[in-house]
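Here the structure comes first, spelled out in structure tokens, and everything after it is commentary.
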Amino acid sequence: MSAQVSSNRAFFNKLKKYYSWYTGGFLVFLVVLAILEQMGLPRVWIGYVFLFATIALYAGIGIMSRTADVAEYYVAGRRVPALFNGMATGADWMSAASFIGMAGGLYLQGFDGLAFIMGWTGGYCLVALLLAPYLRKFGQFTIPDFLGARYGGHVARFIGIFAAILCSFTYVVAQIYGVGIITSRFTGVEFQVGVFLGLAGILVCSFLGGMRAVTWTQVAQYIILIIAYMIPVVWLAVKHTGVPLPQFVYGKVLEKVSQREKQLDTDAKELEVRKIFADRAADLRKRVAALPKSWEEGKAAAEKRLEELRAANAPLAEIKAAEKAVADYPKSAEDARKAWTAQANAAAARAAPVLHHAVPYYSANPDPVKAEEERNTKRRNFLALVFCLMLGTAALPHILMRYYTTPSVHEARKSVFWSLFFIFLLYFTAPALAVLVKYDIYTLIVGSKFADLPGWVAGWQKVDAALLSIADINMDGIVQRAEISIGQDIVVLATPEIAGLPYVISGLVAAGGLAAALSTADGLLLTIANALSHDLYYKMINPNASTQKRVTISKILLLFVALAAASVAAQKPADILFLVSAAFSFAAASFFPALVAGVFWKRANKWGAIAGMVVGLGVCFYYMATTQPWLRGVFGVTGPVSDYIWFGIQPISAGVFGVPAGIAALVIVSLLTPAPDKQVQEFVEHCRYPNLRGDTIDTLAR
Amino acid sequence: MQLTEKHREYWQRNLNITIVLLAIWFVVTFVMAYFARPLAEINFFGWPLSFYMGAQGSLVVYLVIIWYYARKMRQLDIEYGVEEGED
């Protein structure tokens, strides 16, 4: 017993030493690259060095941790200390969207974006209080394992497998997509090549060593991603406040941003630009209303103009522009409707008043009754989104699975604390970053002359106009706020340049984003492969399979799932962001009630759990299919959205209806059917106590 | 096996702690967000209070909740003799 304690301690000390050296080594690597950059190393080389050095590093850890042992492969031998499991969970949790998209989302949405910050952290309270310690005591390999053991039979387990794959697959596609974007942007390789490069990085790690390799790689990835996030923000904070602790001083910056927003509300030039956009939107809507006649007229006019220019021997540039206008003209009246409606919406969005960043549920509607209505709808959506994100966090299998890997129940409880601590470091920095960047743009860019724009503006406009574009709409040579169009991802990507840091830091940020995407993809792939190999194959199809065979099958499945996810990602699916957020509602509605009732309500039985999961998933699915534009198209739902929408809640928060429906079904059906037998009662008691002396049940899988 | 009175008391105390902590969690999350507009009138070191809570304050409370639960439950485990022998 005490030999085990001291061996655990020795292991912890060894890990601490390794990762300290690793962090030091990484910082030295950064300094060396920075010196090489000063000596003239080209930028594209810096991108390559970061990409290949980090992927080689993860592969190295994967190869060193290779294993064919079942407990090592599925749960890293259950000896991951709380602190390191916390770091691994942090990397597992923070995806490409958290790393690259979060600060940008806050920039665009202000207070309302904080729903993501709160939802994605507060969910860990539920993990700590309601799930992690009990799952650790149960001590098997997957989440469907718990459903199968608690509710008996194969049906509950099977629904668990289905839900786990449904949530994890869309999520993993998004991660691989993110890997493709980052690698192609920073090294110039093709998007598809980037996807498969990233895939190689994911596979060497999870394929060889399962959970064990993934855990130790995720710790390494966490260290890189947190360094990459902090350096530019700290620098930017020094630039604007003189204090290198952005999280504690940005309140003052926020006050200045709020004052500036009030000025912009009445600024004559700003209003002029907004008026131009509003006119454009109105004009486009008029043309849509006059279809198909307006399409024919427009086509004739464009052709006529080209003829005239040619006849008048106009300058070549003008002729080229006219030719392009003819070539780009919508091919049919139906195409024109789509294109012009989209353009009208985009113009209307840019005509909108300035968002007041710090104001909760902001509405600029001049009609006080309508404004109040808008604010209340925004508040309802904020609450619903926080609810779904929190319960979804506490039900995503790839996160819950991590708490099987600690040495004890107590370590599992501590480990949730460390998980949230490491996630917190990034999440309480993101709102600060959003405010600092906003301050920079509102005070240094807005009001400056177009001729004086800093170099990074032109650079990023060239990379992708959707990320950043600034055009002189009212032709006065001065940048107005409404003339700037910003994409979500630019905030994190451009921060190093906004802060005036060398290119090596931009490369570091890309490496951080890559680490975030790869680590999440690793965890998710493992979840899917385990659900198929352990739950479906071993538990349901062939319970006599040898351990050797189980691990081999898991590895083969992992390969197939990874290839399938990569080929979906390579198609660049359009609604990927929606699918990812939908995963939270689905996880919340399918797993949360059944898992929590499994521990806290002995009366919950098999039929109740099955009904709860099916009804929860069904309600979520119905709500999304009838209210989300893309799904409406897929399922051929016609008729106005307002007929289907309940309380103005967005489809992303469908879980707010799915979860209560699932709970109700679980309770009602459980009470209508016989209570579970004595064995199940004892199983529940077994899970509730870290150590019951005289306990006859042993659920630990070794 | 048959649970003793002591075991039941342990579980009851665990439930009480869980309920109190969940109530705190609920207040800093949902009650705060519901009243975010009046709370925004209060200035907290430069931040409107509701913005501060959403961006930092609630997160700190979440961390304290989880930290306290792990600590308290460890004490309960030992007090009621259900702690693990680190085997």
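The values are calculated or read from the model by the stated rules, or taken from the named source; none is laboratory data. Computed from a prediction, not measured in an experiment: that's the story for all the values here. With ideal geometry, Cβ positions are generated from the backbone for all residues, glycine too; neighbour counts draw on all protein chains shown. These area figures cover heavy atoms from the full protein model, side chains too; ligands, DNA and RNA do not enter into them. Shrake-Rupley method; radii C 1.70, N 1.55, O 1.52, S 1.80 Å.
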Kindly indicate whether any position in region A:432-451 is within 14 Å of chain B (Cβ to nearest Cβ) and either more than 21 Å from A:Ile486 (Cβ to Cβ) or without any contact (Cβ under 8 Å) to a residue 40 or more places away in the chain (or both). no
Among the residues of region B:16-24, is there at least one that is over 12 Å from the mean Cα position of the chain (by Cα) and β-branched (Val, Ile, Thr)? no
Selection from region A:522-561 of residues without any contact (Cβ under 8 Å) to a residue 24 or more places away in the chain and farther than 16 Å from A:Thr67 by Cα yields A:Tyr537, A:Tyr538, A:Ile541, A:Asn542, A:Pro543, A:Asn544, A:Ala545, A:Phe560
Name the pairs whose Cβ atoms lie under 6 Å apart, with the first residue in region A:147-169 and more than 28 Å from A:Asp698 (Cβ to Cβ) and touching a residue at least 24 places away in the same chain (Cβ under 8 Å), the second surrounded by fewer than 24 Cβ atoms within 10 Å (Cβ to Cβ) and of a type in the set (A, V, I, L, M, F, W, C), and 6 or more positions between them or separate chains? A:Cys167/A:Ala583
Would you mention how many residues in region A:408-421 are buried (at least 24 other Cβ atoms within 10 Å of the Cβ) and under 23 Å from A:Gly105 (Cβ atoms)? 2
How do the helices (runs of 4 or more DSSP H) wholly within region A:225-338 filter down when requiring 3 or more residues that are under 30 Å from A:Glu497 (Cβ atoms) and of a type outside the set (A, V, I, L, M, F, W, C): which remain? A:246-266, A:268-289
With (1) of a type outside the set (S, T, N, Q); (2) at pLDDT 90 or above; (3) over 27 Å from A:Leu135 (Cα atoms) as the list, and A:Val641 as the residue in question, which single condition is left unmet? (2)
I need the full set of residues from region A:533-548 which are open to solvent by 40 Å² or more (accessible area, probe 1.4 Å) and either touching a Pro at 6+ places or on another chain (Cβ under 9 Å) or under 16 Å from A:Thr170 (Cβ atoms) (or both), in order please. A:Leu536, A:Lys539
Per the list (1) over 22 Å from A:Val684 (Cβ atoms); (2) open to solvent by 10 Å² or more (accessible area, probe 1.4 Å); (3) within 14 Å of chain B (Cβ to nearest Cβ), residue check on A:Phe111 breaks on (2)
Which residue pairs have Cβ atoms under 6 Å apart, sit 6 or more places apart or on different chains, and have a first residue in region A:358-382 that is within 12 Å of another protein chain (Cβ to nearest Cβ) and farther than 21 Å from A:Leu271 by Cα and a second that is in a helix (DSSP H, G or I) and of a type in the set (A, V, I, L, M)? A:Ala358/A:Leu254; A:Pro360/B:Ala36; A:Phe382/A:Ala115; A:Phe382/B:Ala33
Being surrounded by fewer than 20 Cβ atoms within 10 Å (Cβ to Cβ), assigned to a loop (DSSP other than H, G, I, E, B) and at positive phi, is that true of even one residue in region A:563-576? yes
Lone unmet requirement of (1) without any contact (Cβ under 8 Å) to a residue 60 or more places away in the chain; (2) surrounded by 12 or more Cβ atoms within 10 Å (Cβ to Cβ) for A:Ala281: (1)
Hits in region A:1-58 - residues which are within 14 Å of chain B (Cβ to nearest Cβ), of a type in the set (A, V, I, L, M) and part of a helix (DSSP H, G or I): A:Ala3, A:Val5, A:Ala10
List every residue pair whose Cβ atoms lie under 7 Å apart, where the two residues are 6 or more positions apart in sequence or sit on different chains, the first residue falls within region A:305-322 and is free of Cβ contacts under 8 Å to residues at least 60 places away in the same chain, and the second residue, located anywhere, is open to solvent by 80 Å² or more (accessible area, probe 1.4 Å). A:Leu309/A:Glu318; A:Ile319/A:Arg310; A:Ala322/A:Arg305
Being facing chain A (nearest Cβ under 7 Å) and either in contact with a Leu (Cβ under 9 Å, 6 or more places away or on another chain) or open to solvent by less than 10 Å² (accessible area, probe 1.4 Å) (or both) is the filter here, so list the residues in region B:42-51 that pass it. B:Gly46, B:Trp47, B:Pro48, B:Ser50, B:Phe51
Filter result for the condition that a residue is in contact with a helix residue (DSSP H, G or I) (Cβ under 8 Å, 6 or more places away or on another chain) and not polar (S, T, N, Q), over B:Ala36, B:Ala23: B:Ala36
Just checking, how many residues over region B:69-85 are within 21 Å of the chain's Cα centre (by Cα) and either among the polar types (S, T, N, Q) or exposed (fewer than 15 other Cβ atoms within 10 Å of the Cβ) (or both)? 4
